[in-house]
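Structure record follows, encoded as structure tokens.
Derivation of every value follows stated rules applied to the coordinates shown; laboratory data play no part. The shown structure was predicted, so the numbers you read here are calculated from the model rather than taken from an experiment. Cβ atoms come from the backbone with ideal geometry, glycine included; neighbour counts cover every protein chain shown.
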Amino acid sequence: MATLLIADDEKNIRSGLELAFEDEGYQVMTAADGREAWDKINKNSIDLVITDLRMPEMDGYELLKRISSAYPTLPVIVLTGHGTIETAVETMRDGAIDFFTKPVDIDKLSLVVKKSIAASSLAEQNRRLTEEIDKLKKQQGYGKIIGKSGRISALMQTIAQVAPTKASVLITGESGTGKELVADAIESLSDRHGRPFVKVHCASLSSNLLEDELFGHEKGAFTGAVAQKKGRFELADTGTLFLDEIGEIDAATQVKLLRVLQERQFERVGGEKTITVDVRVICATNRDLAAEVREGRFREDLYYRLNVVHIEVPPLRERKEDIELLAQSFLSTFNSEDGRKIEGFTPAARKALFSYPWPGNVRELRNSIEAAVVLCRNRVIDVDDLPSQIREKGSGSTLTLTLPITLSEAEKRLILDTISFCGGNKTKAAELLDIGRKTLHRKLAEYAGKDEE
């Protein structure tokens, strides 16, 4: 929970505000004058300052100016018993977010504090996520695959190791996981980068069209062949050829593809001249090719030629700690493309995104963020801005408690089950539980101590 600093030379006001905000769950520090307040700001992590204007040692005007200069993102609310319009204007100009006269309406003050803490927290989260994304891009050397999970870290290490070689690569994974991005990353980090990089989506072409697309044809090879045409293998010579949805090709094309991989030679359709090429082949499929081989639908010898290096792209549900980074990255993209200035996601929206199973994987997340950016009417995306399936299914798992049970035992079950739900990510668990990370670690230490007893 956030930490507030209350600076006022009147002890009764300090104590009253301290009790009121502690009852609302805030951690509260107090100071009897501006100098003491400034000292505590420099030594502690403060989320918001409430300060009187007239105080000994250092008044609120000077304190406000120092905070605005040294900590420009730290929100300050001004209280005074001698309020005028001129005073309010002056303090707001110097950086105060609001101005209250004494006796203060605690409900209105509390509402301003809550909104300000939320806005400050959102800004800090956006800054942190943006810095983390930039850092990951620099570390990986390829900026389009976003993630810090163990699965993605291992994936990027494999890509970096495989990229400089000539080995054929088979990329597998569910639809929407980003298999084409993996192919792009391999090509981008390879020695062949800058040479031809040709892509063929095999599922979009019939067998005859696919053969013509891959190997080309000679003039007069068939009706309509009015000129010679180079195929994709020829166009990709000295570079890389990416065959997407390789599991969809027919048996005849499989035979011809096998020959190219073995001998690096082929003939155009209707031609007699043998063409030799130097092409690295990367393939992708959402099918289980090993099962296709067992069923006789895919040649075993071709499978082993393609599957020199096998890279499996994990589904989004198995890398949930990456959802927040991906959502922030997509938000920045669509803000730029659509001319929007949406600042981030509410805690409820983040929870819904984290809880949803994402059957369409990263592609579905990207489309969902794009829709939310288009439909959002406020400066932050809330649950109501997300697609209906996420609102309905993104409510999280169910925790069942068997009565009778003590409050402390129920709390323990909730904390441990939330950590399990987050895949062991304690930072994410603390966020979903709406408690500080220090509080979470203290609770876990208490549980460990009791278990030892």
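To make sure I understand, if each residue's beta carbon is the centre and we count other beta carbons within 10 Å, what order do THR346, THR91, THR439, THR406 fall in, fewest to most? Intermediate values should be presented prior to the final figure.
Working: THR346 17, THR91 23, THR439 13, THR406 8.
Final ranking by Cβ density, sparse to dense: THR406, THR439, THR346, THR91.
Within the set LYS11/LYS40; LYS320/LYS426; LYS148/LYS320; LYS393/LYS443; LYS43/LYS108; LYS114/LYS443, which residue pairs have Cα atoms separated by over 20 Å? Could you put the intermediate results ahead of the total?
Values: LYS11/LYS40 17 Å; LYS320/LYS426 13 Å; LYS148/LYS320 10 Å; LYS393/LYS443 30 Å; LYS43/LYS108 29 Å; LYS114/LYS443 25 Å.
Check vs 20 Å cut-off fails for LYS393/LYS443; LYS43/LYS108; LYS114/LYS443.
I want to check the label-to-label distance for ALA225 and GLU392. Put each point 7 Å from Cα in the C-beta direction and report it in nm to one decimal.
5.2 nm
Between GLU370 and LYS138, what's the calculated FRET efficiency when r is the beta-carbon distance and R0 is 30 Å? Round to 0.05. Walk me through the intermediate numbers first.
Working: r = 26 Å, r/R0 = 0.87.
After rounding to 0.05, the efficiency reads 0.70.
Which of CYS422, CYS202 comes first, and how do the rest follow, when ranked by fewest Cβ neighbours within 10 Å?
Details: CYS422 19, CYS202 22.
By the 10 Å Cβ count, ascending: CYS422, CYS202.
When only DSSP loop residues count, what trypsin sites (Lys or Arg not before Pro) in the stretch 297-393 have their Cβ near at most 16 other Cβ atoms within 10 Å?
Working: sites: ARG297, ARG299, ARG305, ARG317, ARG319, LYS320, ARG340, LYS341, ARG350, LYS351, ARG363, ARG366, ARG377, ARG379, ARG391, LYS393; in loops: ARG297, ARG299, ARG319, ARG340, LYS341, ARG377, ARG379.
Of the trypsin sites (Lys or Arg not before Pro), the ones in loops of the stretch 297-393 whose Cβ has at most 16 other Cβ atoms within 10 Å are ARG297, ARG340, LYS341, ARG377, ARG379.
Once R0 is set to 60 Å, what does the formula 1/(1 + (r/R0)^6) return for the Cβ-Cβ distance between LEU403 and GLU62, expressed as a FRET efficiency to the nearest 0.05? Mind dumping the intermediate values first?
On the way: r = 57 Å, r/R0 = 0.96.
FRET efficiency, LEU403 to GLU62: 0.55.
For labels at SER69 and THR333 in the simple 7 Å Cα→Cβ model, what's the distance in nm?
If labels sit at SER69 and THR333, their model points lie 4.4 nm apart.
Divide by every residue of the chain the summed helix terms, -39500 (n - 2.57) for each DSSP H run of at least 4, and state the resulting mean residue ellipticity at 222 nm, rounded to the nearest 500 deg cm²/dmol. Before the final figure, lay out the partial values.
Details: 19 runs with 225 residues, N = 453.
Rounded to the nearest 500, the figure is -15500 deg cm²/dmol.
Normalised by the number of residues in the stretch 140-228, what is the relative contact order in percent for Cα pairs under 8 Å and 6+ residues apart? Could the numbers behind the result be given before it?
Working: 45 pairs, mean separation 19.9, N = 89.
Rounded, it is 22 percent for the stretch 140-228.
Relative to the present Cα-Cα distance, how much length would full extension add between VAL308 and ASP250 at 0.36 nm per residue of separation? Write out the running numbers ahead of the final one.
Numbers: separation 58, 0.36 × 58 = 20.88 nm, distance 2.11 nm.
Full extension of this stretch gives 18.8 nm more.
Pull out the extension gain between ASP301 and GLN262, defined as 0.36 nm times the separation in residues minus the alpha carbon to alpha carbon distance; nm, one decimal.
Numbers: separation 39, 0.36 × 39 = 14.04 nm, distance 1.02 nm.
Contour length minus the Cα-Cα distance gives 13.0 nm.
Does the stretch 3-125 come out rounded, prolate or oblate by the C-alpha gyration tensor, with a ≥ b ≥ c the root eigenvalues, rounded set by a/c under 1.5 and, if not, prolate when a/b is larger than b/c and oblate if not?
rounded
Hey, how many Å between the Cα centroid of the stretch 409-437 and the Cα centroid of the stretch 247-270?
Here the two parts' Cα centres lie 54 Å apart.
So how far apart, in nm, are the two label points at THR274 and THR238 if each is 7 Å from Cα heading toward Cβ?
Once both label points are built, they end up 2.3 nm from each other.
Does the stretch 313-359 come out rounded, prolate or oblate by the C-alpha gyration tensor, with a ≥ b ≥ c the root eigenvalues, rounded set by a/c under 1.5 and, if not, prolate when a/b is larger than b/c and oblate if not? If you can, show how the numbers build up before the last one.
Working: a/c = 2.85, a/b = 1.63, b/c = 1.75.
It is oblate, given that a/c is not under 1.5 and a/b is not larger than b/c.
For the chain, give me the percentage of DSSP beta bridges that are antiparallel, rounded to the nearest 5 percent. Present the calculation step by step, with values, prior to reporting the outcome.
Numbers: 5 of 44 bridges.
In the chain, approximately 10 percent of DSSP beta bridges are antiparallel ones.
In the calculated pair distance distribution of the chain, what percentage of Cα-Cα distances lie above 44 Å?
On the way: 35872 of 102378 pairs.
The proportion of pairs with Cα distances above 44 Å equals 35 percent.
In debye, nearest 20: dipole of the chain around its Cα centre with unit charges on the Cβ of K, R (+) and D, E (-)? Walk me through the numbers before you get to the answer.
On the way: 63 positive and 72 negative charges, 261 e Å.
That gives a dipole near 1260 debye.
To the nearest 20 debye, what charge dipole does the stretch 317-393 have about its Cα centre, counting +1 at the Cβ of each Lys and Arg and -1 at the Cβ of each Asp and Glu?
Values: 13 positive and 13 negative charges, 19 e Å.
Dipole size: approximately 100 debye.
Report the relative contact order of the stretch 146-314, percent, no decimals, based on alpha-carbon pairs under 8 angstrom and at least 6 residues apart. Write out the running numbers ahead of the final one.
Details: 298 pairs, mean separation 56.1, N = 169.
Relative CO of the stretch 146-314 lands at 33 percent.
Please list, by residue number, everything in the stretch 93-136 whose backbone N is under 18 Å from a paramagnetic label point 7 Å out along Cα→Cβ of ASP382.
Correct set: 111-123.
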